[in-house]
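Quick notes on the structure that follows.
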Amino acid sequence: MRPSVIEEAAKRLQASSWAVALTGAGISVESGIPDFRSPGGLWSRYDPLEYGDIRSFRTNPGKVWRMLMDMDRMLHEAEPNPAHYALAVLEREGVLKGVITQNVDSLHQRAGSRHVVEFHGHGRSARCDQCGREVPRKALKVQDLPPRCACGGPMRPNFVFFGEDIPRAAYLQAMHMMERCDLLLVVGTSATVAPASYLPLMAKNRGGFLIEVNPNATDLTSMHTDLHVPLPAGQALPAIVSALGLSME
C-alpha cells in the first residue's frame, strides 16, 4: 500500500467543500457483523427471497422473525470500530458534511457521527405493520413470534425489507446531500443495490471526485472510482485522519 494513496485521499478531502461518505456492510465487518452475502452472513443461512422480502414477512411474520432474532443478536454484540470513529472525527472537524449509510446497525451514531442518513432504516425501533404504532426496540416483547401490537398486527423492525421503498425522509435527505456533493467517500460497499447504487453516479455526473475505500476491487472501481484505497476501512480511514493532521481522540 503506497502512502501516497492515503496522502492523496487526505489532500482531496481537505480541498473539497462538500464531502459526503456513503457506507455499506464492509465498514461493519470489522465490528463482527458479516456482510449478509458473505460466508457466515445471514443470506448464507436464510434465503433472502424467503426471509428478507416484505411479502414473505406478511405471509409468515413468525418465520421471518426467527431470522430477525439472529440478526438482532449480531447487532446487539457489535461495537463501533476505528473506521466508524474516523468518520465521526472527519465530521466533527468539518471535513465531512455527513454520512449516508446502507447499514441498519446504528454504529455511526454510537461512534459520534451526528448527521447520518439511514438509507435503509434502522433497528432501534419497531412499528406495527398494520396500524403503524412505533415502540423502542428494547420495549418489544419477543417471547412469542411474531411480537404483536395492541391492535393485533405484527410488529416489524423499522428497516427496509426487499420490495419496499426507501423511507421518504431519508431519500430526500440523501438527494439534498448529493446535490451539493463535490467528493463522495465510498466505504465498504460495491454500490450494486439500487437505489443506493445511483448515489455514486449522481456524484460523478455533477463532477464530484470519487474515493473508494475497499480492500477488493468492485465494478465501481473500474467504472467510476477516481482514487481506490485498497485497504479495510478500519485501517484506511484512521490513516487518512492522521494524514490530515487530526487526532482520533
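The values are calculated or read from the model by the stated rules, or taken from the named source; none is laboratory data. Quick caveat, the model's predicted, so the values are computed rather than measured. Counting neighbours? That spans all protein chains shown, and the Cβs are built from the backbone with ideal geometry, glycine included.
Structure notes:
- Scanning the stretch 110-126 for residues that are surrounded by fewer than 17 Cβ atoms within 10 Å (Cβ to Cβ) and charged (D, E, K, R) turns up ARG110, ARG114.
- Of the residues contained in the stretch 167-175, one or more are found to be outside any helix (DSSP H, G or I), surrounded by fewer than 23 Cβ atoms within 10 Å (Cβ to Cβ) and within 16 Å of the chain's Cα centre (by Cα).
- Each residue in the stretch 92-108 was checked for being touching a His at 6+ places or on another chain (Cβ under 7 Å) and in a strand (DSSP E or B), and 4 of them qualify.
- Residues that are more than 19 Å from HIS120 (Cβ to Cβ), touching a Phe, Trp or Tyr at 6+ places or on another chain (Cβ under 9 Å) and either of a type in the set (Asp, Glu) or touching a residue at least 24 places away in the same chain (Cβ under 8 Å) (or both) within the stretch 52-70 comprise just one, ARG66.
- Qualifying positions in the stretch 109-163 - of a type in the set (A, V, I, L, M) and assigned to a loop (DSSP other than H, G, I, E, B): LEU140, VAL142, LEU145, ALA150, VAL160
- Among the residues of the stretch 60-73, those identified as surrounded by fewer than 19 Cβ atoms within 10 Å (Cβ to Cβ), more than 15 Å from GLY153 (Cα to Cα) and either in contact with a Leu (Cβ under 8 Å, 6 or more places away or on another chain) or assigned by TED's automatic domain parsing to the domain that holds VAL104 (or both) are ARG66, MET69, ASP70.
- Single match in SER113, SER106 (criterion: under 21 Å from PRO34 (Cα atoms) and in the same structural domain as GLY26 (by TED's automatic domain parsing)): SER106
- Pick from the stretch 196-249, criterion of a type in the set (S, T, N, Q) and assigned to a loop (DSSP other than H, G, I, E, B), ranking: nearest to ARG168 (Cα to Cα): SER197
- Entry remark, the stretch 4-30: residues being assigned to a helix (DSSP H, G or I) and either outside the structural domain of ALA196 (by TED's automatic domain parsing) or under 17 Å from PRO215 (Cβ atoms) (or both) number 7 in total.
- One residue alone among LEU237, LEU184, LEU220, LEU244 is modelled with pLDDT of 95 or more, over 15 Å from VAL20 (Cα atoms) and either of a type in the set (A, V, I, L, M) or in contact with a Leu (Cβ under 6 Å, 6 or more places away or on another chain) (or both), and that residue is LEU244.
- Flag if LEU75 is aliphatic (A, V, I, L, M), outside any loop (DSSP other than H, G, I, E, B) and under 14 Å from ILE33 (Cβ atoms): yes
- Residue in the stretch 216-231 that is surrounded by 14 or more Cβ atoms within 10 Å (Cβ to Cβ) and under 15 Å from ILE100 (Cα atoms) present: no
- Selected residue (only one of VAL104, VAL99, VAL89 is over 20 Å from ARG12 (Cα atoms), of a type in the set (Val, Ile, Thr) and out of contact with any Cys (no Cβ under 8 Å at 6 or more places or on another chain)): VAL104
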